[in-house]
Amino acid sequence: MVNGGAEFSVMVSGVSKSFGDTRDEVPVLRGVNLTVRPGEFVTIIGPSGCGKSTLFNIISGVVLPDKGRVHVNGEPANGRVGLVGYMPQKDLLMPWRTVIDNVILGMEVAGVSRQDARREALPLIAEFGLEGFESSYPYALSGGMRQRAAFLRTVLFKKDILLLDEPFGALDALTRQAMHEWLLGVWEKLGMTIVFVTHDVEEATFLSDRVYVMSARPGQIVAELRINLPRPRTYDLVVSEAFLRLKAQLLETLRGEGRMAGSRAP
Amino acid sequence: MSVQKRSLSLGRIWAPSAQRHLPGILAQANRIAFSAGLAVLALVVWQLVAYFGSIPEWKLPSLWQVLQTLGSDAGLIARHARVTAYEAVLGFTIAVVVGLALAVAIHQSRLVERALYPYVIASQAIPVIAIAPILIIWLGFGILPKVIVIVLITFFPITVNTVDGLRKADPDMLNLLRTMGASRWQVFKIVQMPSALPLFFSGAKIAAAVSVIGAFIGEYVGASEGLSWLIRRSSAQFLTARVYASVFALSAMGIILFYAVSYIERLATPWTRRPDEPVRTSESR
């Protein structure tokens, strides 16, 4: 195993974070605990603004938690960047770089020469449905292609743990479904660990092995749900009884959380 | 300042025409015809006023006389234009180097920003015409004081635009690079520098056009050659047609410099040149 035999790829224990100064403090995360096993697909679901992106920033090391610890592959990772691959909500393809030069960004930062990086990326271009576009600029790509390019950039950073922050939020429903099946295919083939953030119940149910439900701000983990659906999954699954039951259960938890959040509001 | 100047009709015409459609060409021709028509109209009015207005030639030579002078004095004008062009290009080039270095220093260091930025702005409040004679006294009649005047005038738009461009870099992109563990230099090279390029070129285009004015001022105060000197000499001798011809040459120089920079901009920022074709998709795959 790439992670050196640690039991958890990602372990977040008791992480809290507030923003703003002491007088005007906004708590964003409160005592968040979660674990992700190697090769697992784990989703964090919660209402908008519940601190999911902050949690990802803490795991990826660009933001320090006020309290708590992050371990990546068994090693302390508070404030340590470059241990995980991070795919943000926006595709963030650089308009001045061709598709191939965009996807090799992580390798380039790691010090690989552009030539070598391109040679390594080229075979994956086709697998990610981008063949013929490697020397195009991002403006020539459709929404789905942009997300695939952004995902390939994350994969080519070559970390076995990927954090995906609502990567398909901006896509239309049909493209989204296609991307879900495609993502699961790539995940099963390449065997990485994925931590996924979304506020879409169906997306969470369809993709994940396990789902953590987060409360409204300050974000806390309020429930954990195991998705015992067979793999490989295709979209026929979403009308099956087992799927609908899990989806309903997840929705119920989430709505309970929404009511609680509503009643807490001043 | 707009990042993509779509209205540069000349630049558009130079672009490879592979994907261009016929209506596009017609629209292009239309735009150029309009701008050229305006110029022709002005020239005709000038010619008519000069011809029928019984204004003495030393006050307002006719267009035809100016063109004749441009032809008969071509060698003389070209010799002096070469001097002025050399000063302008040299001054502009130094301004690009100095302006860029200043912009990067101001952007990278809070300290430099606080220490230098006020002076950068103050340098533009000083009338260059006032200090040009001082420069001549200090540095003599050579090319150096002229180049300094040009640099003083032209570094400013380059620095200010480039600083703004560097600051405009997408914070999410900076964050992405930070998650990858990129060094400060890598962040600069990969995100900030390319983000600043369009605005840098906006500044450089202004600087290119203005560099000719800088050369003119520098020469005007003390020179023994150059278009500015020629204009002074000719006006003292009431060779008004030659003054006009020299002014023509001077403005032509400014236009050429401007479009030369525009052309370099097009080569350096190919991603801003979107073809007029619909986005292709491969979603069906």
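Every number in this text was worked out from the coordinates using simple rules, so none of it is lab data. Quick caveat, the model's predicted, so the values are computed rather than measured. Counting neighbours? That spans all protein chains shown, and the Cβs are built from the backbone with ideal geometry, glycine included.
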If amide hydrogens are placed 1.01 Å from N in the peptide plane, which non-local residues have theirs closer than 5 Å to the one on A:M214?
A:I45, A:G46, A:V222
Estimated inter-spin distance, A:E131 and B:I129, nm [label 7 Å along Cα→Cβ]:
6.8
Residues of the stretch A:46-65 with amide nitrogen under 20 Å from the 7 Å Cα-to-Cβ point of B:Q186?
A:57-64
Backbone HN-Hα couplings from phi across the stretch B:199-204 [Karplus 6.51/-1.76/1.60, Hz, Gly and Pro as x]
6, 4, 5, 4, x, 5
Listed residues B:A182, B:A101, B:A260, most fluctuating in chain B (Gaussian network, C-alpha, under 10 Å)
B:A182
For a footprinting-style exposure proxy, rank A:I104, A:I221, B:I231 by other Cβ within 10 Å, fewest first.
A:I221, B:I231, A:I104
Given just the C-alpha atoms of chain B, how large is their convex hull per residue in cubic angstrom?
171
Simple SL model, points at 7 angstrom along Cα→Cβ for A:K158 and B:T93; separation in nm is 4.2
Partners for B:K146 among lysines (Cα-Cα distance below 23 Å; same-chain residues under 8 apart left out):
B:K205
Would you mind getting me the FRET efficiency between B:Y119 and A:Y235? Use the beta-carbon distance for r and R0 = 41 Å, nearest 0.05.
0.05
Assuming 0.36 nm per residue, please report the length gained on full extension of the stretch B:A78 to B:W58 beyond their Cα-Cα distance.
5.0 nm
Over the stretch A:131-209, what is the relative contact order in percent, taking alpha-carbon pairs closer than 8 angstrom and at least six residues apart?
33
For chain A, the fraction of alpha-carbon pairs in successive 5 Å shells from zero, as %
1, 6, 13, 16, 18, 17, 14, 9, 5, 2, 0, 0
Restricting to Cα pairs below 8 Å that are 6+ residues apart, what does the relative contact order work out to for chain B? Please round to a whole percent.
26
Once both axes come from the Cα atoms, what is the angle between helix A:173-190 and the longest principal axis of chain A, in degrees from 0 to 90, rounded to 10?
80
Cα extents of the stretch A:79-149 per principal axis, largest first, Å, are 36, 28, 23
Amide N proximity, the stretch A:144-178 versus A:S48 label position 7 Å along Cα-to-Cβ, cut-off under 13 Å
A:169-170
Do you know the relative contact order of the stretch B:73-195, to the nearest whole percent, from alpha carbon pairs under 8 angstrom that are 6+ apart?
33
Only helices counted: for chain B, with every DSSP H run of 4 or more residues adding -39500 (n - 2.57) and the sum spread over all residues, [θ] at 222 nm is -25500 deg cm²/dmol
Identify all lysines with a Cα-Cα distance to B:K189 below 19 Å; exclude those on the same chain that are fewer than 8 residues away in sequence.
B:K168
Distance between modelled label sites at A:S113 and A:E224, nm, 7 Å Cα→Cβ extension:
4.8
What residues qualify as long-range amide H neighbours of A:V32, i.e. H under 5 Å apart, gap of 5 or more or another chain, H built at 1.01 Å from N?
A:G14, A:V15, A:S16
Of B:M180, B:M253, how do they rank once you tally other Cβ atoms within 10 Å and put the fewest first?
B:M253, B:M180
Spherically averaged projected area in nm², based on the convex hull that wraps the Cα atoms of the stretch A:1-145
11.0
Computed over the stretch B:196-240, the distribution of all Cα-Cα distances in 10 Å bins, rounded to whole %, is 26, 34, 22, 14, 4
Angle check, please: helix B:22-52 long axis (alpha carbons) against the longest principal axis of chain B (alpha carbons), in degrees 0 to 90, nearest 10.
30
DSSP-loop trypsin sites (Lys or Arg not before Pro) across the stretch B:45-102, with at most 15 other Cβ within 10 angstrom
B:K59
Vicinal HN-Hα couplings computed from phi for the stretch A:242-249 (Karplus, 6.51 cos²θ - 1.76 cosθ + 1.60; Hz; Gly/Pro x):
4, 5, 5, 5, 5, 4, 4, 4
Give the distance, in whole Å, between the Cα centre of the stretch B:119-139 and the Cα centre of the stretch B:54-79.
34
Rounded to the nearest 10 degrees, the helix B:63-72 long axis (Cα) sits at an angle to the longest Cα principal axis of chain B of 90
What percentages, rounded to whole numbers, describe P(r) for the protein assembly as shown computed over all alpha carbon pairs with 10 Å bin width beginning at zero?
3, 14, 19, 19, 15, 11, 9, 6, 3, 1, 0
Give me the lysines in straight-line cross-link reach of A:K90: C-alpha distance below 16 Å, same-chain residues under 8 apart excluded.
A:K52
